Amino acid sequence: MAWKYPKYNNTDGEPIDAEAINVNFEAFIRETQGNLNEHNWASGAFTDAEDYEIGACLRIDHSYDEVTPMAAQTAAPANIAAIVSGTAYQTIAVYDWDVVDSTQIICDTALLWVIASFQHSVSNDFTRYGVQYGLRLDGVVIAETVTGSGGRNTDPNGEGLDGDGTNMPLVLDAILPVLSGPHTIELVARMCTSATIALPPTAAYWMVCNRELIVVEMH
Amino acid sequence: MGYDRNRQNTGLLALRVESGRLLAPASVAAEIDNFEMTPEGTLRSINGPTPILPVYNPVAGLFNYGRVHGVFHALLMEGSRDVLLVHSAQQIRVLNGWGRTWSTLIGPSGSGAQLEADLVNTDTPQYPTQFTQTPTGIVIVPQNRSRAYFYDGEAVLPLGYDQYPAPPMGYGPTSYYDADPANDIPNVYGFMGSGSATLPPSYGHVDFGTGQAGTIVADPNGVQAGVLGSSRYQAAVQWIDYFGNLSPLSPRSNTVSIDTQNIPLAGTGDYRTPDRWLRAFLWGAIPKGPQGTIGKILCHTKDMLNSGTSDLYEVPGNMLGATSGSYATIPDNQVTMYQYNRPDTDLVTRPPEPIPVPVFKVCAVAFGRLWIAGIEGDPAALIPSMPGRWGTFLRDSEYFPDPTGAEITALCPVPQGLLAFTAVSTFLVVASDDGKGFQVAPLSNTVGCVAPSSIATLQDGTVIWLGRDGFYRFKADAGIQNISLDIEELTKRINNVRAKQACAVVDPRTREYRCWVPLDAGRDNDFCFVFDPISEGWRRRTGTELPVAVCVTKDHRQYVIAGGRVTDNLSVTRHGVWLLDHEVQSFVPKPRMYRLETSWIEAGSSKDVKSGKMVYFWFRETDNTSAEIEVYRDWRKTKTVYSNAVDVDLVDPEDVPPLWGTTAYGQSTTPNQWIKRRPYWKKVAIFVPSCEVYKLVLKTTSPIELIGLSMDELPHGGSGRVP
């Protein structure tokens, strides 16, 4: 670790001392057996990613769906399903977290950089129900990634994003330490309660169109 | 004259420590300068130092530091970040090994520092810059009334907050009064006066929902559906920084009030269900914090007229059902408005009440807290931080160990608790019996510590420090002891004006306690007292280096690093950061004088005359040069018996080992193999006829290793010369 210095500076006239030589060499040999750290490498020594075999340092799990929202977000909400192409995600009409996109990896003990990039898109009810998004690792929602407020106190329309955020691009990310083994990483969403309508919004939903989930496994 | 056959040998004198006593055993030297004990038990000359940042560019030369004030090493970020800090001139720098240079953490404008601040660069008598490692970073305490700073390996900020936030400003709901009570309009708007199409104005603005603040009671007259009672609220603000430190609470805001209003019966007037009469407030002018602030905690009273308390409570964060887990009400340093819409029951946590972080001189971590002392304006106080919040100090948490009000000069954690020193007293802070607080027990009312950086802990847990009249140690089972009585002649020469700048370290390699002090009229720490815990005695090291601060690296290298001035072999003196006891080819320090002086031999029998005949040195071969021997007699060091000195070889001339510079590689006719240096005896004839006492001085600038010596004497029975 860090820099090492020879103990003795052998000069002319001194005995050719095996101990002094060994002490000087050991200082460096032991360092190179696992104690090197950031101070031992010149700045920029490892910045050219082309020098690495793919997966040598970072392993990337990547999944995405291209779902183009049509231009008619102002169309009648009842026809919302007709204004998107492809397979848009549709929030389910319950209050619990639901999976928008997910991936499963098997890795060694590592740091995971989870990035979810997606388009919060149209709803069939622009005014009554909010929606929240978050990242979930192995069934646990990462609270710090959850969008919007969780309290009704200051939001009569319920929590989260509403019609003002239509077609809003969002990115959630988190760096998460994990132990070796399989891990499930999910982008999740939930419909929120309404300040004025207490019943579950059985007929109301939001859609997520273009979306991408990236998991960078860092060693 | 005595007969030679009566010659006596003193026996082997294995000199390892020195004493200033006139009557000292012959086995104790008068001076051992620039030697250290080897693992084999011999005395070997020390070498080095070498610059931490060697010369990579011959044109640029060594890094230009300026006057050094402190140096510190730590492992941060769970041991993965190797940090070496130096405070030199007006900057605090961190070593970037990957760039072979230092980068500036704290410095004046234009220095490229992460944090701009003017640090004082002065040579006045002062403590070295103090550094204390916490589990999450390093507390940096420059002297000269500077603020303390905190560095976690990435970010550097002032330690905590030294200022109060301004109070927030409460807006609405407001009341409009008229001289005619019939025209009084109780507070009608929750917010700014504009209602919505769906909710009447008295409910507040639609964007903020229906109100939840206020107190509704039954109509005492039984006429109305109820009464929205008169209520009063106040708020305050607290900042939180990147390291989790809390600011003092701001002064309280103006009072926001709700006035009494009758709630009409169903079907009459402006009837709404009673809970729809509750209010919401808007708080503005919430102050942004200084650099490093990452959130603002809004603190709010409950209804001060009806709840029975006017205490402030933290308004919880708003994440996921209003849990209070969020670190701040407003998790940023941009927003200056907050719409408060909480029932009193949401307010459950009282905010801590920190004081502004004072300017202080010394600190230490103990009991999971940072203890600060030497406080500007309150020098006798000792204040612990909140656990884990190293820059948050609560109001009324001070301790005053010394009843006379003496300034606390040093702190040192020990297994029993925390040692707190004044210059003339010592105290032990321990946990109180109930475990909720602390209590202070006096250890000494006469012995204190004058230099916080003179404190170092031996590997067996013994703490050593510099007091006013010498060095002391503390062991749990032995209390406080003076360990420098044998060298009191020397310790009395410590420049007591500048003793506070002393710095010390325990070298893990040799186990020595080393303390550099200014001696006599010295302005620099030009003399090093070395306590050898194995031999329970003292040596010294002088010349070459003038450290201002020393530290041991926390990693496996356990290097002893010094910040200060070093003189090279061309007599050029440079400020810098140095690795002690190591030497490289690119930097040759000024040669040291290795000097060993015996005590006055036979002092106990000095009234009996004897003749010194022969001295036998037991060396280990080190260099194809020689050392000088001087011999003095009869208590006078002004005239040597050998005026030009006698040389003694530092290799055995009868068994010369292969030497660097002369041994040819691969030749079989000369010794050319690696060797282990051998011990050998060297005999030197001295002739000190009819003396009372005599003394030997061995000195050289060449590497030397000494095992011991002995002398032949010839006693002259009954030949005393007592006048």
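Bear in mind these aren't lab numbers, they're just calculated from the coordinates by the rules spelled out. Not measured: the values here are computed from a predicted model. Neighbour counts run over all protein chains shown; Cβ positions are idealised from the backbone, glycine included.
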Beyond 31 Å (Cα-Cα) in this structure, taken from B:610/B:699; A:7/B:682; B:475/B:637, we find B:475/B:637
What helix-only [θ] at 222 nm does chain B give? Using -39500 (n - 2.57) per DSSP H run of at least 4, over all residues, to the nearest 500, the answer is 0 deg cm²/dmol
Toy charge model, Lys and Arg Cβ at +1, Asp and Glu Cβ at -1: the protein assembly as shown dipole around Cα centroid in debye, rounded to 20, equals 3200 debye
Whole-Hz Karplus couplings 3J(HN,Hα) for region B:463-476, θ = phi - 60° and coefficients 6.51, -1.76, 1.60, Gly and Pro as x, run 9, 10, 8, 9, x, 5, 10, x, 9, 10, 9, 10, 10, 4
When A:147, B:426, B:349 are ranked with the fewest other C-beta atoms within 10 Å first, the list becomes B:349, A:147, B:426
The long-range amide H neighbours of residue B:484, using H built 1.01 Å from N in the peptide plane and a cut-off of under 5 Å, are B:471
The answer for the longest stretch of chain B without any exposed GluC sites (Glu not before Pro) (DSSP loop, at most 12 further Cβ atoms within 10 Å) is B:155-375
Counting sequence-distant residues (5 or more places) and residues on other chains, those with an amide H built under 5 Å from that of residue B:215 are B:229
Its Cα gyration tensor gives chain B an equivalent ellipsoid whose semi-axes in whole Å, largest first, are 75, 27, 18
Once phi for every residue in region B:621-638 is put through the Karplus expression 6.51 cos²θ - 1.76 cosθ + 1.60 (θ = phi - 60°), the whole-Hz ³J(HN,Hα) values, with Gly and Pro written as x, are 4, 9, 6, 7, 10, 9, 10, 9, 10, 10, 10, 10, 9, 6, 6, 10, 9, 8
Counting only residues 5 or more apart in sequence or on a different chain, those whose built amide H sits under 5 Å from that of residue B:225 are B:263, B:265
Note, region B:388-404: 3J(HN,Hα) by Karplus (6.51, -1.76, 1.60, θ = phi - 60°), whole Hz, Gly/Pro = x, goes x, 9, 6, x, 10, 10, 7, 4, 6, 9, 6, 10, 10, x, 8, x, 7
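Find out how many positive minus negative residues lie around residue B:463, taking Lys and Arg as positive, Asp and Glu as negative, among other residues whose Cβ is under 10 Å from that of residue B:463.
Value of the local net charge: +2.
Please compute the average number of Cβ atoms from other chains found within 10 Å of each residue's Cβ in peptide B:701-712.
For peptide B:701-712, the averaged partner shielding equals 1.
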Neighbours of residue B:155 by Cβ distance under 15 Å: Lys/Arg at +1, Asp/Glu at -1, summed charge -3
